[in-house]
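Some notes on the structure that comes next.
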Amino acid sequence: MKLPILLFDQNKNITGIYFLVFFQAILVYGPVVVPFYISNGLNYGQILQLQAIFALSAFLFEIPSGIFSDLIGRKKTLVISCFFSFLGYFVAFVGIDYWHFIIFQLLAGIGVSFQSGTFSAYIYDHLLVDGRENESKQIFANVSRIMLITGIIISPFAGLIVKISSLRTTLLITSISYSFAFCISLFFDEPISSKTKEVTTVRSYLTKAKNGFLNIFRVKVLKYITLEYLGFVIIMSAILEFIQPFLIYGGLPTEYFGI
């Protein structure tokens, strides 16, 4: 299925989701992120620490994000998610030292956790209202296809952008892309099913969040799943990003990164 066809659905909110993930998949900086960090004076140890900070940030806000979504609504949570992500990439674009990039990873982690805790529920609630809940697997598959196809298409352009401009320009383009995603989220409609949920107090939600965190340490299975998740994110990020140092040591010109 071609990408332009994938981007449209009979429900304008699902179409909005498709375009949102399309712009979020334009991570031009990804294939050259290690050279970018090195150009700003970071060493490989600090780069790995940044990945750990991102994983920890995403984990810490995962439970509160779902509760927050129930408290203020799916749309507002997605808007907040997109804003934090955009702000994070903008900080990375203007950042010049290690502490700036720590802020970037913290903001990006919050953005990812708020979206992951709400994204699926937002889509399903709209499908439920339309009586199309049996199409949920296809819709989620379309989302994955859009992200994958966009990433494959965009990746080779990273090196070209570096060649004709600079490493920092890749963060500028990514920031602009995420600003588009943020603007799209502003036009989402709140699903009717989430509007009609029972209203409870902020204190009760805070209690749920606290109990959620405590259960992670009390329940052995949850503890192992949490450690596995954190380890997976850190290790996979390290593998993906530490391919780039081997390319650097091998003398491969940066313009060929991402191909």
What shape does the range 56-97 take by its C-alpha gyration tensor, where a ≥ b ≥ c are the square roots of the eigenvalues and a/c under 1.5 counts as rounded, a/b above b/c as prolate, and the rest as oblate? oblate
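Taking neighbour counts of Cβ atoms within 10 Å as a proxy for exposure, in what order, fewest first, do K76, K163 appear?
Details: K76 16, K163 12.
So the residues, fewest neighbours to most, are K163, K76.
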20 Å cut-off, amide nitrogen to a point 7 angstrom out along S136 Cα→Cβ, residues in the range 7-22: 9-18, 21
What is the Cα centroid distance between the range 144-186 and the range 34-82, reported in whole angstrom? 18
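Charges at C-beta only: +1 for Lys and Arg, -1 for Asp and Glu. How large is the resulting dipole of the range 122-195 about its Cα centre, in Debye rounded to 20?
Values: 6 positive and 6 negative charges, 99 e Å.
My answer is approximately 480 debye.
No value in this document is a laboratory result; all are computed from the given coordinates. Predicted model, so just to flag it, every value in this text is computed and none were measured. Every residue, glycine as well, gets a Cβ built from its backbone with ideal geometry; the counts of neighbours run over all protein chains shown.
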